[in-house]
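The values are calculated or read from the model by the stated rules, or taken from the named source; none is laboratory data. Not measured: the values here are computed from a predicted model. Note that we place each Cβ from the backbone using ideal geometry, even for glycine, and neighbour counts take in every protein chain shown.
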């Protein structure tokens, strides 16, 4: 070291020259630590948000399951209420719309919501499964009159198809549809006639399928039957039901349109809707006491002559019912559920559930529009037996 440079100044200068080399790495480390801290915070926040969202979803699912279970139990309870109402019927030999079971009930408040049961007579409709079978054809072969080829239930179905001004159907098309329905229901694979349809016809379609050859589980099966237009189905479904066994029409609960199908045997066209409305009005509050009372009533007398009244078939008609349909609706919290149950009442007054369908609504004219939209094809779902 030169003698002219003081020792203290030399040491001080050396320290200053070393200082930058220590401070710069420290600053870089400080920036990296900040970035790492931010990443950790972001990760923790992300995890917390995800955990919170998952927790809320799990809680909502648990709540929905709980409310759904509550709603289902309330609907099962409405079946018991309907069975009780049917058991209280004092005269089970006559059923009419003035009885307690047929009354419209208000919504019952329950914990967390409400429940609304409604009971209707399933035999106030035409049972599509009553169309199975063939008439005895007393006229014999080709000499038989057209009406003699069909049973009373088949003739009524044929007339029913012709009652809609919204979709006019002539007697020819009505007969073709009826024949195709008969073939769909019967157990054999032989067409009723040339307008019928069995396996050979359905297998030849662009999308082939087999006919049921058994009773329908749902009236929506009509959409698969040859000749049935969807426009006509959407009208006629309100007057039909698919019951597991053949049943009679209760003239005390049937609609005016269905009553207009009770024409004389030899006539395959219906009465007018005005005639049907007259027969509904003529049964009064307590209905007819028996079928004979109906066929000889003043209302029928004013519509038909004596000779024609003698031709009105009482086969397939009744004034008592054994099958009833329960429509149950409930809302618990945000859960709204529906149930459609078919109840059967035996001669002892005991009621059993034949089948039950969840989240379906039966179709009948009194449905509110929003209800019909939610489940109008009652009978379109799979049957739970």
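The table below lists the values:
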| quantity | calculated |
| --- | --- |
| Output for segment 87-106, where each listed residue is without any contact (Cβ under 8 Å) to a residue 24 or more places away in the chain, surrounded by fewer than 19 Cβ atoms within 10 Å (Cβ to Cβ) and part of a loop (DSSP other than H, G, I, E, B) | 88, 90, 91, 103, 104, 105, 106 |
| Residue in segment 78-86 that is in contact (Cβ under 8 Å) with a residue 24 or more places away in the chain, assigned to a loop (DSSP other than H, G, I, E, B) and not assigned by TED's automatic domain parsing to the domain that holds residue 183 present | no |
| Matching residues, segment 258-267, being outside any helix (DSSP H, G or I) and surrounded by 20 or more Cβ atoms within 10 Å (Cβ to Cβ) | 260, 261, 262, 263 |
| Any hit, segment 50-68, residues being farther than 30 Å from residue 331 by Cβ and more than 23 Å from the chain's Cα centre (by Cα) | yes |
| Within segment 276-290, tally of residues that are in a helix (DSSP H, G or I) and under 31 Å from the mean Cα position of the chain (by Cα) | 6 |
| Pair list, Cβ under 9 Å, 6 or more apart: segment 352-364 residue outside the structural domain of residue 80 (by TED's automatic domain parsing) and farther than 13 Å from residue 75 by Cα, other residue modelled with pLDDT under 65 and part of a loop (DSSP other than H, G, I, E, B) | none |
| Test result for residue 233, under 30 Å from residue 205 (Cβ atoms), free of Cβ contacts under 8 Å to residues at least 24 places away in the same chain and surrounded by fewer than 22 Cβ atoms within 10 Å (Cβ to Cβ) | yes |
| Which listed residue is out of contact with any strand residue (DSSP E or B) (no Cβ under 9 Å at 6 or more places or on another chain), buried (at least 19 other Cβ atoms within 10 Å of the Cβ), closer than 28 Å to residue 356 by Cβ and in contact (Cβ under 8 Å) with a residue 40 or more places away in the chain, from 115, 132 | 132 |
| Residue that is farthest from the chain's Cα centre (by Cα) [pool: residues in segment 165-192 that are within 21 Å of residue 266 (Cα to Cα), in a loop (DSSP other than H, G, I, E, B) and touching a residue at least 24 places away in the same chain (Cβ under 8 Å)] | 192 |
